[in-house]
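The values are calculated or read from the model by the stated rules, or taken from the named source; none is laboratory data. The model shown is predicted, which means the values in this text are computed figures rather than measured ones. Here the Cβ positions follow ideal geometry from the backbone for every residue, glycine too, while neighbour counts run over all protein chains shown. Ligands, DNA and RNA are excluded from the accessible area calculation, which covers all protein heavy atoms including side chains. Shrake-Rupley method; radii C 1.70, N 1.55, O 1.52, S 1.80 Å.
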Amino acid sequence: MPVMFSYAPPLARLIEELSKLPSVGPKTAQRLAFHMLSMSSADAEALAAAILEAKSRIRNCSVCGNITETDPCRICTSAERDRSVVCVVENARDVAAMERTREFTGLYHVLQGAISPLDGIGPDDLRIAELLRRVAAGDVREVIVATNPRVEGEATALYLSKVLKPLGVRVTRIAHGLPVGGDLEYADEVTLARALEGRREL
């Protein structure tokens with residue numbers, strides 16, 4: 001009986017770790033691993049150092065929840081931002097997508113997810129309590145809900161509308177210039193800009 005082929009343990013471990021990344025299947029993990037093996041030692045060390053540095057120095061802003069090296073983040077501390085408008089997004093990638101439009105000049109609030117009962121994620125698992133505290137402080141006059149246009153995002157938007165309106169703040173939803181089922185991070189700048197311009201009352 002022929003012996004089953006297997007990679008050397010260090011390579012097998014690298015492939016296994018890479019396959020844990022989102023959207024990386026076994027074949028892609030193998031390609032990436034072999035590419036890394038072909039890199040120079042200096043390049044491989046630079047990649048490893050960049051991963052470790054990002055992991056050790058990047059944290060969540062204590063105000064908005066966005067990823068940052070300094071706390072509070074540069075957006076929260078900027079004197080040029082409109083502090084009366086807060087845009088609520090699901091994750092830090094969505095902040096980057098909104099910033100690329102150069103249309104939004106307010107502040108952000110990152111929920112770090114969306115309500116998804118099937119995945120066991122409820123309102124208490126998100127940064128909704130922190131948002132309510134920010135709004136209750138009295139400086140915010142409008143909350144733009146920019147959750148992704150899919151079932152979980154819509155459920156989150158409806159819940160936010162329900163809990164925010166009693167606080168006397170205007171709650172709007174970005175217009176669906178975005179495809180249903182899509183994510184903000186993959187949308188182009190023009191589509192996002194139009195979605196912001198066409199936001200509506202919730």
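Across region 111-116, rounded Karplus estimates of 3J(HN,Hα) from the backbone phi angles (6.51 cos²θ - 1.76 cosθ + 1.60, θ = phi - 60°) give 6, 6, x, 9, 5, 8 Hz, Gly and Pro being marked x. In region 1-160, taking the dipole from charged Cβ atoms about the Cα centre, the farthest positive-side position among 65, 28, 115 is held by 28. In the context of the full set of protein chains, residues of the chain present 60 Å² of accessible surface per residue (probe radius 1.4 Å, heavy atoms only). For region 80-90, 3J(HN,Hα) computed residue by residue from phi via the Karplus equation (6.51, -1.76, 1.60; θ = phi - 60°) reads 8, 8, 7, 7, 8, 10, 10, 9, 9, 10, 7 Hz, glycine and proline entered as x. Compared with the dominant principal axis of the Cα atoms in the chain, helix 41-57 is inclined by about 30°.
Here residue 115 sits with roughly 20 square angstrom of accessible surface, probe radius 1.4 Å. Normalised by the number of residues in region 89-154, the mean separation of alpha-carbon contacts (under 8 Å, six or more apart) gives a relative contact order of 35 percent.
Summing charges over all other residues whose Cβ lies under 13 Å from the Cβ of residue 93, with Lys and Arg as +1 and Asp and Glu as -1, gives -4. Dipole magnitude for region 1-133: about 160 debye, using +1 per Lys or Arg Cβ and -1 per Asp or Glu Cβ, origin at the Cα centre.
Going from the alpha-carbon gyration tensor of the chain, what semi-axes, largest first and in whole Å, does one get by taking the root of 5 times each eigenvalue? Show your work: numbers first, answer last.
Numbers: eigenvalues 303, 79, 53 Å².
Values for the chain, descending: 39, 20, 16 Å.
Every helix of 4 or more DSSP H residues in the chain counts as -39500 (n - 2.57), and over all residues that averages to -13000 deg cm²/dmol at 222 nm.
Can you compute the equivalent ellipsoid semi-axes for region 18-68, i.e. the square root of 5 times each eigenvalue of the Cα gyration tensor, sorted largest first and rounded to whole Å? Write down the numbers at each step before the final one.
Details: eigenvalues 152, 57, 6 Å².
Values for region 18-68, descending: 28, 17, 5 Å.
Could you point to the residue in 42, 155, 191 farthest towards the positive end of the chain's charge dipole, with +1 and -1 charges on the Cβ of Lys/Arg and Asp/Glu respectively? Sorting the options by dipole projection puts first 155. If you look at the Cα atoms of region 99-202, you get an Rg and a Dmax of 13.4, 35 Å. Compared with the direct C-alpha span, the chain from residue 82 to residue 69 gains 2.5 nm at full extension, assuming 0.36 nm per residue. The Cα center of region 63-92 and the Cα center of region 157-188 differ in position by 17 Å.
When only Cα pairs under 8 Å and 6 or more residues apart are kept, what is the percent relative contact order across the chain? Numbers along the way, then the final one.
Values: 276 pairs, mean separation 31.2, N = 202.
After rounding, I find 15 percent.
Computed from backbone phi, the HN-Hα couplings of region 187-198 come to 7, 7, 4, 5, 4, 5, 4, 5, 5, 5, 5, x Hz, rounded to whole numbers (Karplus: 6.51 cos²θ - 1.76 cosθ + 1.60, θ = phi - 60°; Gly and Pro given as x).
Could you grab the relative contact order for region 72-189? Cα pairs under 8 Å, six or more apart, rounded to a whole percent.
Details: 171 pairs, mean separation 34.5, N = 118.
Dividing the mean separation by the residue count of region 72-189 yields 29 percent.
Around the amide H of residue 109, modelled in the peptide plane, lie the amide H atoms of 87, 88, 89, all under 5 Å away and 5 or more residues distant in sequence or on another chain. Computed from point charges on the beta carbon alone (+1 for Lys and Arg, -1 for Asp and Glu), the dipole magnitude for region 74-202 about its Cα centre is near 460 Debye.
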